[in-house]
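Quick note: the coordinates plus some simple rules give every number you see, no bench work behind them. Keep in mind it's a predicted model, so treat the numbers as computed, not measured. Every residue, glycine among them, receives a Cβ derived from its backbone with ideal geometry; neighbour counts consider all protein chains shown.
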Amino acid sequence: MPRTRHSVCSLDCPDACSLLIDIDQAGQGSRLRGNPDHPITRGFLCGKVARYLEREYSPDRLTTPLRRIPGSAKGVSTFEPVSWDAALDEIAAKLGKTSAIHGSESILPYSYAGTMGYLNFSGMAHRFFHRLGASRLDRTICSSAGGIGLVEALGVRYGTEPEQFRHSKLIIAWGANIMTTNVHLWPFIVEARRNGAKLYTIDPHRNRTGKLSDRHYAIHPGSDAALAFAMMHVIASEGLEDASYVAEHTLGFAELKDRMREWPPERAAAVTGIPAEDIAALAREYATTRPAVIRLGYGVQRSDRGAMATRAITLLPALTGAWRDLGGGIQLSTSGAFQINRNALEMPELQYTSALGREARVVNMSTLGHALTDLDNPPVHALVVYNSNPAAIAPDQNSVRKGLRRHDLFTVVIEQFENDTTDFADIVLPATTFLEHTDLYYAYGHYHMQLARPVLAAPGTARPNVEIFRRLAARMGFDEPCFRDSEDDMIRQLLDTQHPFVAGITFEELDREHSVRLRIPEPFQPFANGGFGTASGKCEFRAETLVFEPPVESRSGEASLYARYPLELVSPKNHGNMNSTFGNRPENDHATGTLTLHPEDAAERSIAPGDSVVVRNDRGRIQLRASVADDVARGVVCCPAVRWARLADDGNTVNMLTSQRLTDQGGGPTFYSCLVQVEKLGSQIGTKI
Ligand SMILES: Nc1nc2c(c(=O)[nH]1)N[C@H]1C(S)=C(S)[C@@H](COP(=O)(O)OP(=O)(O)OC[C@H]3O[C@@H](n4cnc5c(=O)[nH]c(N)nc54)[C@H](O)[C@@H]3O)O[C@H]1N2
Ligand SMILES: Nc1nc2c(c(=O)[nH]1)N[C@H]1C(S)=C(S)[C@@H](COP(=O)(O)OP(=O)(O)OC[C@H]3O[C@@H](n4cnc5c(=O)[nH]c(N)nc54)[C@H](O)[C@@H]3O)O[C@H]1N2
Ligand code: SF4
Ligand SMILES: [Mo]
């Protein structure tokens, strides 16, 4: 009989599933399934992770440290195995020398959410880089613009509880592909629809969620704020606001009403591509249906004015009083409710005992290409990558690669698999998966904290990030006791907080129960009676600051650019991927190598389904396979992300086309504001590909 153990899916997904794994006599995992007792997981997993044991036991897993064969060109996998001692000695010596010669800020850690576990996401590594005095990485690649927009509107970074969606009568998936990126919300939506609820989607791409919705609004990329403004116009001018909620719990309604006079639906229609009468009807239905909830995704904020758009949408439920209702409100993220003791985990004070002796500079991860090719004072001379695959996922791939190819850059990559980024490494270290190490997990799509112990043995000599940075610290002679903390010590430190949502949750409780609901009321209706996290405690409209400007790279943006590149490219999440993770599965390589065009855009270019096409702009060109469908509107093309460049025929992927332009606030990337031209392969006259 197999034993069954608990784990937690660590992937960068709002659902943070509770897993059960069967383990046979030999200690091999034989079956992975969703925990039926978990209130969000409810007994099922997504298709990607149901098959995770394939990845876990893949013969391609990295099992030993590797060192670049001297003299071999970067960008190609030419490695020889080395011992951990040799690899760590070399890294410590190089980092020490780089710091001494160029200053410690010439060392840059690069990481994101390959794992969402606190300890392996930002635990020992942060302590290590703080003590080293390395540049600090601003982790903007995903949600920083939206996070700011949300906090400007609500004062906090959380919202409607997923469990309450079942009570809703109108659910709007706004730039959120729930079926693909947040599938554990779906059963609550199914339950709501069984009770008569409607599901609407607002998205330039009619994705899986859009296909299953009652109504799809094909909005032009980057124009969401205009739609939100026009909805406010209709609500305020027709008196559909919740007058008592507005009076008690908001500030600045009169000014808002006045300012939104500028935004009749006709004006928004011209920008968004959604007919004026549809906008008016949507606004009326939204304001008069109770409960109404918005599942706001991250698609809206990957655009030049992403923070503004997020804020504008997030103001809507305060206007209609949707927060009063069980099953009403808005959810972008729940992460802000996990008020753990981050300073105890990351120990930023160690910077003062570093070679630098002060807080280190901050480098934005969304402009990695710039950081590696243009940064001065000092330039980056050493890069340590973990939990991320920047050669694939960072925008402006040409510029990133140019940086990674530098001979004078020393690059360490801590990974589970060889990938586009390890191709540029000097040293590769093998990392464990979440099934092989201890960690504590928050979630960004629910309110349950979870602890997972290792359930499987690591292959070869793969090690957790925590252990790798512990050993590197010892090699560097960092003798502070914090570098000897165990995983359990670090979890206890994390939980050492007075915040009412977390205070009282103990290590023992988490270890015993695996999953613990935050200490929040049940049901959680955070703003039913106001209580916003703003200075005034109210939802502040600040109407004078609500402005719409189209993205530079859009049909309403820079005209000369649009004349040359008349198609708006979006590259949203692929169903079978987790960003670039699982990109080595053939079906995912196929999907992420496909570009969808509207039938008229295809016909104009004599492109038929299955044709090879070239997609290009000033930053680069890539080759994809055409699919022709009206899932995108005219003028929009869609290529799901993120493909592995090393698997593409031309070695290039969609981030060859995306830019390093940043969002209005938060320094986020603008992946979904990207103008391109598309041609049938071979049809370009005089151009060589
Ligand atoms: N299967 C799968 N699941 C994932 C991931 C994955 O790669 N694959 N990635 C994970 C990560 S890192 C994240 S951040 C989340 C993201 O989860 P989501 O936010 O749901 O995903 P995205 O694909 O980024 O964007 C959602 C939708 O926004 C649309 N969109 C693009 N531009 C605009 C716009 O201007 N306005 C509007 N209204 N919509 C727009 C896209 O077409 C897309 O359908 O998903 C997580 N879950
Ligand atoms: N065009 C386009 N580009 C995008 C996006 C898009 O929608 N379109 N999405 C953007 C967004 S939202 C995000 S969040 C980023 C995501 O970008 P990344 O955070 O880089 O995500 P992944 O591509 O999944 O790469 C994570 C890597 O971490 C590794 N890993 C997993 N667990 C561990 C561990 O415990 N230790 C170590 N050392 N490694 C581990 C995995 O093997 C994997 O290679 O991509 C961004 N790029
Ligand atoms: S990727 Fe998301 S849905 Fe899939 S198992 Fe992990 S947490 Fe659950
Ligand atoms: Mo993300």
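Table for the structure above
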| quantity | calculated |
| --- | --- |
| Estimated Rh, region 491-560: Kirkwood, alpha-carbon pairs, angstrom | 16.8 Å |
| Region 170-212 and region 635-674: distance between their alpha carbon centers, rounded to Å | 25 Å |
| Proportion of all alpha-carbon pairs of the chain beyond 37 Å (%) | 38 percent |
| Residues Met1 and Ser77, FRET efficiency given R0 of 30 Å [Cβ-Cβ distance, rounded to 0.05] | 0.10 |
| Residue (of His102, Val151, Trp84) at the positive-pole extreme of the chain, dipole from beta-carbon charges | Trp84 |
| Efficiency of FRET from Cβ geometry, Asn398 and Thr545, R₀ 35 Å, rounded to 0.05 | 0.45 |
| Convex hull of Cα atoms in region 297-426, direction-averaged projection (nm²) | 11.8 nm² |
| Compactness of region 1-149 as Cα Rg over 2.2 N^0.38 Å, two decimals | 1.36 |
| Counting DSSP beta bridges with both ends in the chain, the antiparallel % (nearest 5) | 50 percent |
| Pairs of lysine residues in the chain - Cα separation under 26 Å, sequence separation of 8 or more or cross-chain | 19 |
| Whole-Å semi-axes of the ellipsoid equivalent to region 170-304 (Cα gyration tensor, √5λ, descending) | 25, 19, 13 |
| Ranked packing of 355-362, 241-248, most packed first, by mean Cβ within 10 Å | 241-248, 355-362 |
| Region 595-634-region 64-140 distance, computed between alpha-carbon centres (Å) | 40 Å |
| Cut-off 18 Å (backbone N to label point 7 Å along Cα→Cβ of Arg512), residues of region 426-451 | 449-451 |
| Dipole magnitude of region 559-680 about its Cα centre (Cβ charges: Lys, Arg +1; Asp, Glu -1), debye to nearest 20 | 360 debye |
| Hydrodynamic radius by Kirkwood, which averages 1/r over all alpha carbon pairs of region 3-56, in angstrom | 11.3 Å |
| Net charge of neighbours whose Cβ lies under 13 Å from the Cβ of Tyr442, counting Lys and Arg as +1 and Asp and Glu as -1 | 0 |
| Pairs of Cα atoms farther than 21 Å apart, region 516-590, % | 68 percent |
| Rg to Rh, two decimals, where region 252-345 supplies the alpha carbon set and Rh follows Kirkwood | 1.04 |
| For the chain, calculated [θ]222 nm from helices alone, where every DSSP H run of n ≥ 4 adds -39500 (n - 2.57) | -8000 deg cm²/dmol |
| Taking only Cα atoms of region 559-680, radius of gyration then Dmax in Å | 13.8, 41 |
| Solvent-free Debye scattering, log10 I(q)/I(0), computed from the Cα coordinates of region 183-226 at q = 0.17 Å⁻¹ | -0.53 |
| Ala559 paired with Gln28, simple spin-label distance in nm, labels 7 Å along Cα-to-beta-carbon | 6.7 nm |
